[in-house]
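What follows is one structure encoded as structure tokens, with my remarks underneath.
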Amino acid sequence: MISQNVLNLVDAAMVGTQGSAAIAAIGISGFINFMAVAFFMGFAAGVQAMVARRMGEKRDSEAAFPLNGALLMITVAAIPVSIILFFLAPEILGFLNDDPELLKEGVPYLQARFAGIWAIGLNFSYRGYWSAIKRTEFYLRTLLVMHAINIFLNYCLIFGNFGFPELGTLGAGIGTTISLTLGTFYYHYLAQKHTSEYGYLKHVARWTTLKDIIKISLPSSIQQLFFAAGFTALFWIIGKVGTDELAAANAITNVMLVGILPCIALGIGAATLVGQALGRKDPKDAYLWGWDVSKMALIFAIGLGIIFYAFTDPIMGIFLTEEAALKAAHWPFKLSALIIIIDAIGLVFLNALSGAGYTKPPMYVSLITQWLMFLPVAYYIGPVMGYSLNLIWLAYGVYRVIQTGAFVWLWQKRSWVHVTFE
């Protein structure tokens with residue numbers, strides 16, 4: 001997951017040389033794309049929970065069946081969605097922001113990213129599979145290959161190096177989509193070569209298996225979809241405040257992923273350990289894994305938060321070249337350095353709950369805290385009252401604290417130990 005962060009930061013640093021409009025464009029376009037793929041990303045929760053449970057039950061020869069089913073469903077659904085959204089990209093981005101310069105940079109980039117929806121959906125299901133069978137080295141290997149290709153293509157296509165056309169932000173989108181697609185084929189090659197004993201693509205998933213995947217994945221997919229839509233709405237709100245503020249928010253978000261994604265990685269580990277413990281009929285062990293992994297994430301987040309707080313301006317200066325944007329990012333980024341400590345715990349427990357197949361209550365928590373509490377307040381503070389990005393980000397911090405508290409409460413209730421599936 002740290003390697004994923006490196007890619008995000010390299011992309012942002014390269015595009016940041018094109019100015020605030022360019023980095024603001026890929027910021028809001030990135031979250032629109034995140035919203036488009038979020039539903040398909042949610043299948044990873046069902047794959048991981050079901051595969052891990054089967055591994056814990058010693059049903060190794062059937063472990064890949066949930067993955068087979070998820071790959072089929074995503075392929076059937078994602079390709080037409082990608083085609084439709086490709087042609088709707090100008091209207092979608094124009095609805096959220098009417099800055100001509102931002103639209104000029106953002107629409108081609110967004111179309112290039114929409115072309116990769118299928119690959120992202122499949123890649124997340126593969127990620128859940130590798131984690132569930134404790135073969136995450138294959139996930140890492142594929143990520144490194146994808147990132148190397150992406151960085152090379154971005155360097156060529158953004159700036160026109162090595163005889164390639166100079167495409168700017170469009171080049172960044174094309175490079176990312178090509179690397180994601182090649183990564184999908186590499187995942188397939190590794191799974192076929194190294195996990196055939198788990199039934200990879202050797203059996204069409206039974207209808208009962210597909211129903212269980214949908215049952216577990218659908219709440220997670222909805223949660224991911226509305227979380228992504230919420231961030232898109234937040235970027236729209238911040239865009240109403242100003243383009244420099246939007247560029248600042250995008251830079252902060254990209255850098256914060258340096259802290260968040262490793263915590264998600266620990267959460268993914270917790271999901272596998274919880275699922276396998278429940279497969280062994282050991283709910284006490286499953287419960288303890290949630291707390292043990294959250295302690296590890298907390299230690300990591302505290303160290304990173306200190307670095308972010310102490311070196312705010314030098315870090316932001318890597319991505320923001322204009323003084324107004326850099327000034328807008330100063331205090332929100334310092335606040336984010338504190339928020340990451342709370343987020344670390346929340347993300348571990350969210351993933352641990354998913355690993356148990358307990359996805360519906362976390363979905364309700366996410367929807368209520370983001371859409372009914374945070375976003376209305378952010379809109380009132382920003383476009384209505386005309387306050388700065390600082391107060392919007394303070395409201396964001398309060399929202400993340402409340403959400404984390406709710407996830408911990410759900411874990412302590414232990415209702416998740418009663419979840420069963422085929």
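The values are calculated or read from the model by the stated rules, or taken from the named source; none is laboratory data. Since we're looking at a predicted model, the values are computed, not measured. Quick reminder, even Gly has a Cβ in these numbers, built from the backbone with ideal geometry, and neighbours come from all protein chains shown. We work out accessible area using only protein heavy atoms, side chains counted, and drop any ligands, DNA or RNA first. Shrake-Rupley method; radii C 1.70, N 1.55, O 1.52, S 1.80 Å.
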| message | Can you tell me how many residues within region 106-115 are surrounded by 24 or more Cβ atoms within 10 Å (Cβ to Cβ) and over 15 Å from the mean Cα position of the chain (by Cα)? | response | 5
| message | Whether any residue in region 81-101 is of a type in the set (S, T, N, Q), touching a Leu at 6+ places or on another chain (Cβ under 9 Å) and touching a residue at least 12 places away in the same chain (Cβ under 8 Å) is what I want to check. | response | yes
| task | Check whether at least one residue in region 88-102 is at pLDDT below 95, within 29 Å of L201 (Cα to Cα) and open to solvent by less than 40 Å² (accessible area, probe 1.4 Å), and report yes or no. | result | no
| field | Members of region 127-181 that are open to solvent by 50 Å² or more (accessible area, probe 1.4 Å) and at positive phi | value | K134, F162, G163
| task | Collect the residues in region 32-76 that are open to solvent by 10 Å² or more (accessible area, probe 1.4 Å), closer than 29 Å to F95 by Cα and among the small types (G, A, S), keeping them in residue-number order. | result | A36
| How about region 351-372: which of its residues are surrounded by fewer than 24 Cβ atoms within 10 Å (Cβ to Cβ) and aliphatic (A, V, I, L, M)? | M363, V365, L367, I368, L372
| note | Output for Cβ contacts, cut-off 6 Å, separation at least six or different chains, first residue within 20 Å of M55 (Cβ to Cβ) in region 196-220, second at pLDDT below 85, reads T208/E422; T209/E422; D212/F421; D212/E422
| query | Within region 378-393, can you find the residues that are of a type in the set (A, V, I, L, M, F, W, C) and surrounded by 16 or more Cβ atoms within 10 Å (Cβ to Cβ)? | reply | A378, I381, L389, L391, I392, W393
| said: Among the numbered criteria (1) touching a residue at least 12 places away in the same chain (Cβ under 8 Å); (2) aromatic (F, W, Y); (3) open to solvent by 10 Å² or more (accessible area, probe 1.4 Å), which one does W409 miss? | reply: (1)
| message | Please go through (1) at pLDDT 95 or above; (2) open to solvent by less than 10 Å² (accessible area, probe 1.4 Å); (3) in contact with an Asp or Glu (Cβ under 8 Å, 6 or more places away or on another chain) for V348 and return the number of the only condition it doesn't satisfy. | response | (3)
| message | So the check is Cβ under 6 Å with 6+ separation or different chains; which pairs have a first residue in region 378-403 that's without any contact (Cβ under 8 Å) to a residue 60 or more places away in the chain and a second one that's in a helix (DSSP H, G or I) and polar (S, T, N, Q)? | response | Y399/T369; I402/T369; Q403/T369
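When the residues of region 279-290 are filtered to those that are without any contact (Cβ under 8 Å) to a residue 60 or more places away in the chain and assigned to a helix (DSSP H, G or I), which remaining residue is farthest from E62 (Cα to Cα)?
It comes out as L288.
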